[in-house]
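Data first, discussion second: the structure below is written as structure tokens.
Here, each number is a calculation from the coordinates, and none is a lab measurement. Since the model is a prediction, treat every value here as computed from it, not as a measurement. Positions of Cβ are generated from backbone atoms using ideal geometry, with glycine treated the same way; all protein chains shown enter the neighbour counts.
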Amino acid sequence: MRPARALIDLAALRHNYLLARARHGGRALAVVKANAYGHGAARCAHALAGLADGFAVAFLEEALELRAAGIRQPILLLEGPFAPGELAEVHGHGLWIVVHHDEQIRMIETATLAGPLTVWLKINSGMNRAGFVPEAVEGAWRRLNDSGKVAGITLMTHFARADEPHVIATAEQIDRFDTATRHLPGARSLANSGGVLGWPAAHRDWARPGILLYGADPMPGEDNGLQPVMSLESAVIGVREIETGEPLGYGARFIADRPTRVGLVAMGYADGYPRVVPDGTPVAVDGLRTRLIGRVSMDMLTVDLTDLPAAGSGSRVELWGRNIPVNRIAEAAGTIAYELLCNVKRVPFEYRD
Ligand SMILES: *Cc1c(COP(=O)(O)O)cnc(C)c1O
């Protein structure tokens with residue numbers, strides 16, 4: 001069997017959830033949208049089920065998958081309903097919905113429901129992506145309240161730049177949120193991962209941590225005590241020596257600058273390892289750091305074993321995990337850890353409790 005796999009450490013996931021809730025205070029929805037950022041939504045939700053106050057996903061079908069897997073906690077749909085027909089299922093499965101635009105209020109007003117809905121009213125405090133502008137918040141709240149179909153309204157907003165601790169934008173968003181909601185009752189929820197770790201003023205009734213649960217710090221370089229959850233691993237499946245001046249791999253991007261011992265690794269961009277990373281990107285072989293050399297291909301990549309004489313066929317390779325932070329690979333790829341984690345595919349997933 002091909003040795004490539006993604007190892008998922010569920011104890012690390014629980015550690016990160018508890019760390020987030022302790023840092024924030026109050027309650028925390030574990031954000032498990034996009035298949036738990038690529039980690040497996042049902043498995044991750046089950047691992048957290050005894051701890052988490054609730055879960056958040058992007059849309060109805062993601063929540064139904066968790067209900068079908070036996071998850072009983074509250075689940076919030078972060079994008080809310082897309083069509084009126086979804087509301088009966090939302091109610092039937094005890095789901096909570098974000099309401100972020102007028103059309104969704106109209107859906108609720110005109111729906112015939114067996115009972116009331118739990119709504120999180122989203123305020124646009126400056127990100128300008130989704131949510132009601134401050135001037136429209138009280139009107140939206142009143143319409144929901146007057147509809148007779150809503151049991152509770154939590155007030156929420158989302159930050160554009162919470163992962164930038166020295167930028168004033170988040171403080172401004174907090175102020176705008178507080179001003180827009182000052183006459184309204186109900187619980188508040190402001191903090192995503194960056195807000196939990198970096199913005200105590202955003203700590204209210206509910207946190208919504210996502211990326212930090214998976215152990216990727218949204219502020220790379222800080223040590224907040226998070227534990228990486230995914231380890232993307234494989235093994236050396238072949239070794240060859242090339243001479244100084246010889247090319248390696250597609251496009252001959254790498255030319256040996258010394259006699260080089262090349263390890264061939266069963267991992268490629270079809271598994272979700274990013275093709276764009278340059279020569280020199282770190283990789284761990286038997287726990288020791290070395291460098292990727294040559295272009296990443298679909299099923300394989302190549303690493304430099306010249307300085308690791310003990311390494312050879314069968315040596316364990318970590319692409320990211322405990323030795324190589326996924327944030328480091330994201331930086332090499334010009335993207336963020338979120339995207340890399342969501343993109344892992346084809347490899348078997350193994351879960352450790
Ligand atoms: C995805 C999402 C989160 C989680 O964000 P992280 O940066 O991963 O912590 C929180 N709130 C909303 C509304 C989201 O869409």
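Points worth noting:
- The chain: angle of helix 10-24 to the longest principal axis, Cα-based, in degrees nearest 10: 50 degrees
- Projected label distance in nm at R275 and A136, using a 7 Å step from Cα toward the beta-carbon: 4.1 nm
- Partner lysines for K122 [C-alpha distance under 27 Å; skip if fewer than 8 residues away on the same chain]: K33, K149
- On the basis of the beta-carbon distance and an R0 of 51 Å, S313 and H93 show a calculated FRET efficiency of 0.50.
- Magnitude of the charge dipole, the chain, Cβ model with Lys/Arg +1 and Asp/Glu -1, debye to 20: 480 debye
- Additional length obtainable on full extension of the chain from E246 to A151, 0.36 nm per residue less Cα span: 27.2 nm
- Loop-located trypsin sites (Lys or Arg not before Pro) in the range 191-283 whose Cβ has at most 14 other Cβ within 10 Å (DSSP): R253, R275
- 14 Å beta-carbon shell around L10, net charge (K/R +1, D/E -1): 0
- Principal-axis tilt of helix 134-146 within the chain, Cα atoms, nearest 10 degrees: 60 degrees
- Just so you know, the Cα atoms of the chain work out to an Rg and Dmax of 23.3, 77 Å.
- Electrostatic dipole magnitude of the range 61-145 [Cβ: Lys, Arg +1; Asp, Glu -1; Cα centre; debye, to 20]: 240 debye
- If you plug the beta carbon distance of H183 and N128 into 1/(1 + (r/R0)^6) with R0 = 30 Å, you get a FRET efficiency near 0.80.
- For the range 103-172, chymotrypsin sites (Phe, Trp or Tyr not before Pro) are listed when DSSP marks them as loop and at most 13 other Cβ atoms sit within 10 Å of their Cβ; the list is empty.
- Positive-end extreme of charge dipole, the chain - chosen from W120, G92, V31 (charges on Cβ): G92
- Length added when fully stretched, Y351-L51, from 0.36 nm per residue minus Cα-Cα: 106.2 nm
- Within the chain, DSSP assigns beta bridges of which about 45% are antiparallel (rounded to the nearest 5).
- Rounded to the nearest 10 degrees, the angle from helix 169-181 to the longest Cα principal axis of the chain is 20 degrees.
- For the range 272-334, size of Cβ-based charge dipole, Lys and Arg +1, Asp and Glu -1, in debye: 120 debye
- FRET efficiency for the pair E331 and R106, taken as 1/(1 + (r/R0)^6) with r the Cβ-Cβ distance and R0 = 41 Å, rounds to 0.40.
- The alpha carbon radius of gyration of the range 70-155, expressed as a multiple of 2.2 N^0.38 Å, is 1.03.
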